[in-house]
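Peer 1: Quick one: the structure is below, and I'll ask about it shortly.
Here, each number is a calculation from the coordinates, and none is a lab measurement. Quantities reported herein were computed from a predicted structural model and do not represent experimental measurements. Here the Cβ is made from the backbone with ideal geometry for all residues, glycine too, and neighbour counts use every protein chain on show.
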Amino acid sequence: MSWAEILPVIFMGLMGLAMFLYVVLDGFDLGVGMLLHRADDGQKDMMIASIGPFWDANETWLVLGVGILLIAFPKAHGVVMTALYLPIALMLLGLILRGVAFDFRVKAQDRHKPLWNFIFFAGSTVTSVAQGWMLGRFITGFADGGAYDLFALAIAIALPCAYVLMGATWLVLKTEGDLQSRAAHWGRLALIPVVVGMGLISLATPWVSDTVSARWFSLPQFIGLLPIPFATFACFVALWWTLNGKRALGTLCWLPFILTVGIFLMGGLGLAYSLYPFVVMDRITIWQAASSTAALNLILAGCAITVPAILAYTFFAHRVFWGKATELRYG
Amino acid sequence: MDLDPVLLARIQFAANITFHILFPTISISLGWMLLFMRWRWLKTSHRPWLTAYRFWTKVFALTFALGVVSGITMSFQFGTNWPGFMEKVGNIAGPLLGFEVLTAFFLEATFLGVMLFGHGRVSERVHLLATFLVAFGTTMSAFWILVLNSWMQTPVGYEIINGEFHVTSWMEIIFNPSFPYRFAHMLLASFLTMAFLVAGVSAWQVLRGKANASTPLALRAAITLAAVLIPVQILVGDMHGLNTLHHQPQKIAAIEGVWETEKGAPLLLFALPNETERRNDMAIGIPKMASFILTHEWDGELKGLNEFEAHPPVKPLFFGFRIMVAMGTLMLLVSWAGWWLLRRRGWQPEHAPQWLMVGIAAMTFSGWIATVAGWYVTEIGRQPWIVQGLIRTADVASATPAPHIAITLAGYLITYVLLIAAYISVLRYMAEKPSDSYDPAPTGGAATLLGTQPAKKEGGA
């Protein structure tokens, strides 16, 4: 492969990384948003406090992911954006509402607080459902037909459940006492639909797409790929074990979150393997959609400097707010 | 009724970008104002500076959140509304937008958390650095976005191969002919918008009897800033106009309502441009003044709209420009009068005449009006092109059916109107709320009010 051919592969990797980080990072705060109505008022404040310093930066990964699609694969960007016009609009409205509700709920009059709490919950839910629907449509290359819509619908339910799991395990990590044990309970509730959803998707994806079926179910690839489902299964079992009883409430409080990240990572790897080398399934490959080599070189140089810096200061921000969440105060 | 999808897509994009620009216009400069307030507090240990910092930090957090969410919307609408734009100029616009995300968006969003909630968890120095990085990030954002916008107005540094744009010189693209003027004009607009917001909210607090020790400090800083910057802005605006006359003469012709090329064109104070008859109705003007302002010669020649094969719609430019200039003039009057009268009263706003406080409070959102009007002039003034003279807007629009655009447009509009209303009402609520209700102040503050601290001291002695 020449450098010009390698570049689009690198950018697909970068886009995958940005999307994976988005799903993990915004996943936990969207999940916390969807769990908000289950908590009492004091716990609501603590839940928000646990995501307060991070949510702005978390959403930026979505901008980077879409940005790379736009910058590196401009010819696919238009196709994807046009095909997903309505769910994107829905997601954006959800993101707008939850983002502002977050700030308004503590700054508006106290009597308006329940309304902003509800908007935060509703916005988080709408965003997650819309993202699930888009993921489902994207995997099938925007194919039309009842079965494909059903598939997208299944993911539109499964992804929010996965975010709830992420949010619940985040709360186990960042909170204490009653809220923490309730979060462990919420995690257990979300776990079952996530297992079912991921299983269904794994079975249905090869069924709705011949390309995916050919990539997975042929030897020797099938054997080489077995670690992915096995690792996922192991994470699920370990997660179930830690969330049961009081195991996750002590020093192991970080484990459920890490295991959930592991599940997301395996899902992401499987998905990336299914899609490669298409940026729009069965229609546009990454080489067909790529920008000029000159433009890609420039962005790659930029990314090589800035992405490590971004990761470093993201880590720094998490270090500053390390440990259990405390009440948020403007200083 | 037949809905034109291109017009709907334009209205939708305009609605979103209008909503969006309201908030960065405040947050770009408010970040620097916060840095100033924080620095004054660290330097003087004068407690009201901390109170001012805390209050405006909350405003900043709210403003920033609105800017972030509407900015995310924009990053998607490039693709949903103008898919052909990226296909054609992706090699140029892509890296510019990419660098905006990589060098600015992440920086501001990440350090915002440390800046807002990190006090006490990091040292004063690190906290001040975080505040600086947030302010720096917002300004860098503005830099990249204005590079791209200016390039769309005055494109250079490219070659076209098979209908796709390729870069020949990044230096030419970044420092394209209209960029320095537009960037300076926008940064000044941001500082003026913020200055009038801070001054206006402070004046409102005085009028409602809700002022605290920090109010005169904020008012003084804001009015002084406005009084210093407004003449600079008028000068930069004039230079920006001359630059536009050179590169986009049809925009200036529409602004001035000049249909036929003429020497010694009048400066029209009011008129109703009539695009079907191609003339102005009810025109009132100062003879030869437009020629003088634009060419610096009384008999300078201005090219008329009829000489261009395509020109922007005249009415929005003609009125948009006049609204902006009227706001600028009001800003000049209010900030200079305010500075003079307040200074003579030792910056004690409660001793200032009430009409002055009413005037300053009325100007709270004047920056928004001027900024939006100015952007309408420059963006509508580029039509019918999306990249001046090279790509027509209609040629890059998406194939999305009109009803889909109309439905989502309605959704966005309702949300935006409600959120602007919520923003203003919450701002008002926050302004009228007593400050520092949770202040942990180790000395003074609540302890002194309750009389516990002096008692303790006496007991000790």
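Peer 1: Pop out the ³J(HN,Hα) list for the stretch B:275-291 in order, Karplus 6.51 cos²θ - 1.76 cosθ + 1.60 with θ = phi - 60°, rounded to Hz; leave Gly and Pro as x.
Peer 2: 6, 6, 7, 6, 7, 9, 9, 6, 7, 10, x, 9, x, 6, 5, 4, 4
Peer 1: Using a 10 Å cut-off around each Cβ of peptide A:49-56, what is the average number of partner chain Cβ atoms that fall inside? Kindly include the intermediate steps, with their values, before the conclusion.
Peer 2: Details: counts 1, 0, 1, 4, 9, 4, 5, 15.
What the average comes to for A:49-56 is 5.
Peer 1: What distance in nm lies between label points placed 7 Å from Cα along the C-beta direction at B:Thr329 and B:Glu275?
Peer 2: Between B:Thr329 and B:Glu275, the simple spin-label model gives 2.6 nm.
Peer 1: Classify the stretch B:1-59 as rounded, prolate or oblate from the Cα gyration tensor: take a ≥ b ≥ c as the square roots of its eigenvalues, call it rounded if a/c is under 1.5, otherwise prolate when a/b beats b/c and oblate if not.
Peer 2: Taking the square roots of the gyration eigenvalues as a ≥ b ≥ c, the stretch B:1-59 is prolate.
Peer 1: Something else now. If you wrap a convex hull around the alpha carbons of the stretch B:166-228, what volume per residue comes out, as a whole number of Å³?
Peer 2: Dividing the Cα hull volume of the stretch B:166-228 by its residues yields 103 Å³.
Peer 1: Once a ≥ b ≥ c are taken as the square roots of the eigenvalues of the Cα gyration tensor of the stretch B:100-208, is the result rounded (a/c under 1.5), prolate (a/b larger than b/c) or oblate (a/b not larger than b/c)?
Peer 2: On the way: a/c = 3.72, a/b = 1.69, b/c = 2.21.
Because a/c hits 1.5 or more and a/b fails to exceed b/c, the stretch B:100-208 counts as oblate.
Peer 1: Based on the alpha-carbon gyration tensor of the stretch A:211-256, what equivalent-ellipsoid semi-axes (square roots of 5 times the eigenvalues) come out, in whole Å, largest first?
Peer 2: Semi-axes, largest first: 34, 8, 7 Å.
Peer 1: Same structure again: Within 10 Å of each Cβ of B:82-91, how many other protein chain Cβ atoms are there on average?
Peer 2: Average neighbour count from other chains, rounded to a whole number: 6.
Peer 1: Let me ask something else. Determine which lysines satisfy two conditions relative to A:Lys107: a Cα distance under 19 Å, and not lying fewer than 8 residues away in the same chain.
Peer 2: A:Lys44, B:Lys58, B:Lys210, B:Lys433
Peer 1: Given labels modelled 7 Å from the Cα in the Cβ direction, how far is it in nm from B:Met171 to B:Leu390?
Peer 2: 1.9
Peer 1: Next up: On a straight-distance basis, which aspartates and glutamates could pair with A:Lys246 in a cross-link, Cα separation under 15 angstrom, same-chain partners fewer than 8 positions away excluded?
Peer 2: Qualifying aspartates and glutamates at Cα under 15 Å: A:Glu176, A:Asp178.
Peer 1: Which of these, A:Val320, A:Val172, A:Val261, has the largest mean-square fluctuation under a Gaussian network model of chain A (Cα springs below 10 Å)?
Peer 2: A:Val320
Peer 1: Continuing with this model, one more query. With no solvent and one point per C-alpha, what does the Debye sum give as log10 I(q)/I(0) for the stretch B:24-83 at q = 0.14 Å⁻¹?
Peer 2: Evaluating at q = 0.14 Å⁻¹ gives log10 I(q)/I(0) of -0.49.
Peer 1: Another question, if that's okay. First select every other residue whose beta carbon is under 15 angstrom from the beta carbon of A:Thr314; then total the charges, Lys and Arg +1, Asp and Glu -1.
Peer 2: -4
Peer 1: Also, I was wondering about something else. Taking chain A as a Gaussian network, where each spring joins two C-alpha atoms under 10 Å apart, which residue of A:His37, A:His318, A:His185 fluctuates the most?
Peer 2: Ranking A:His37, A:His318, A:His185 by mean-square fluctuation puts A:His318 first.
Peer 1: Mind listing the phi-derived Karplus ³J(HN,Hα) values for the stretch A:219-228, rounded to whole Hz, using 6.51, -1.76 and 1.60 with θ = phi - 60°, and x for any glycine or proline?
Peer 2: Coupling constants for the stretch A:219-228: 8, x, 3, 3, 5, x, 8, 3, x, 5 Hz.
Peer 1: Right, another one. Percent of Cα-Cα pairs per 5 Å bin, from 0 to the last occupied bin, for the stretch B:157-278, please list those.
Peer 2: 2, 9, 11, 12, 11, 12, 12, 11, 9, 5, 3, 2, 0, 0
Peer 1: Taking H as built 1.01 Å from N, whose amide H comes closer than 5 Å to the amide H of B:Ile386, not counting residues under 5 places away?
Peer 2: HN-HN under 5 Å from B:Ile386: B:Ile391, B:Arg392, B:Thr393.
Peer 1: With N set to the number of residues, divide the alpha-carbon radius of gyration of the stretch B:1-137 by 2.2 N^0.38 Å and report two decimals.
Peer 2: 1.31
Peer 1: Moving on to the next point. I'd like to know how the stretch A:90-150 sits against the 2.2 N^0.38 Å rule of thumb: what's its Cα Rg over that expected value? Kindly include the intermediate steps, with their values, before the conclusion.
Peer 2: Working: Rg = 15.6 Å, N = 61, 2.2 N^0.38 = 10.5 Å.
Relative to the rule-of-thumb radius for its length, the stretch A:90-150 sits at 1.49.
Peer 1: Can I ask one more? What average number of partner chain Cβ atoms lie no more than 10 Å from the Cβ of the residues making up B:411-421?
Peer 2: The shielding value for this peptide is 2.
Peer 1: Further, regarding this structure: Taking each pair of distinct Cα atoms in the stretch A:288-331 once, what is the resulting Kirkwood hydrodynamic radius in Å?
Peer 2: Averaging 1/r across every pair of different Cα atoms and inverting gives 13.5 Å.
Peer 1: List every residue whose amide H lies under 5 Å from the amide H of B:Arg279, counting only residues 5 or more places away in sequence or on a different chain, with H placed 1.01 Å from N in the peptide plane.
Peer 2: Amide H neighbours of B:Arg279, under 5 Å, 5+ apart: B:Asn274.
Peer 1: So, one more: How much space per residue, in cubic angstrom, does the convex hull of the C-alpha atoms of the stretch A:122-179 take up?
Peer 2: 81
Peer 1: Averaged over every viewing direction, what's the projected area of the C-alpha convex hull for chain B? Give it in nm², one decimal, please.
Peer 2: Result: a mean projected hull area of 26.2 nm².
Peer 1: P(r) of the stretch A:162-320 in 10 Å steps, Cα pairs, percent per bin?
Peer 2: P(r) for the stretch A:162-320, in whole percents per bin: 10, 27, 27, 26, 10, 1.
Peer 1: For the protein assembly as shown, what class follows from the C-alpha gyration tensor (a ≥ b ≥ c being the square roots of its eigenvalues): rounded when a/c is under 1.5, otherwise prolate if a/b is larger than b/c, else oblate?
Peer 2: The shape class here is oblate.
Peer 1: Which net charge results for the neighbourhood of B:Pro313, defined as the other residues with beta-carbon distances under 12 angstrom from its beta-carbon, given Lys and Arg at +1 and Asp and Glu at -1?
Peer 2: Net of charged neighbours comes to +2.
Peer 1: Let me have the relative contact order for the stretch A:1-152, percent, based on Cα pairs under 8 Å that are six or more residues apart.
Peer 2: Normalised by residue count, the contact order of the stretch A:1-152 is 25 percent.
Peer 1: Write down Rg/Rh for chain A, rounded to two decimals, with Rg from the C-alpha atoms and Rh from the Kirkwood relation over Cα pairs.
Peer 2: Result for chain A is an Rg/Rh of 0.97.
Peer 1: Considering only the other residues whose Cβ falls under 12 Å of the Cβ of A:Leu275, what net charge follows from Lys and Arg at +1 and Asp and Glu at -1?
Peer 2: Working: positive: A:Arg215, A:Arg283; negative: A:Asp282.
Its environment carries a net charge of +1.
Peer 1: log₁₀ I(q)/I(0) of the stretch A:14-99 at q = 0.14 Å⁻¹, via Debye over equal Cα point scatterers, no solvent, to two decimals?
Peer 2: Debye intensities relative to I(0), on a log10 scale: -0.57.
Peer 1: Picking from A:Leu300, A:Leu165, A:Leu255, which is most flexible by a Gaussian network model of chain A using Cα springs under 10 Å?
Peer 2: Among A:Leu300, A:Leu165, A:Leu255, the largest GNM mean-square fluctuation belongs to A:Leu300.
Peer 1: Between A:Val279 and residues 5 or more places away or on another chain, which pairs have amide H atoms under 5 Å apart, with H built 1.01 Å from N, and which residues are they?
Peer 2: It is A:Ile284, A:Thr285, A:Ile286, by chain and number.
Peer 1: How long are the three semi-axes of the equivalent ellipsoid of the stretch A:66-188, in whole Å, if each is the root of 5 times an eigenvalue of the C-alpha gyration tensor, listed from largest down?
Peer 2: 31, 19, 14
Peer 1: For chain B, what is the mean residue ellipticity at 222 nm derived from helices alone (per DSSP H run of n ≥ 4: -39500 (n - 2.57); sum divided by total residues; nearest 500 deg cm²/dmol)? Show your work: numbers first, answer last.
Peer 2: Working: 16 runs with 318 residues, N = 461.
The per-residue figure over chain B is -23500 deg cm²/dmol.
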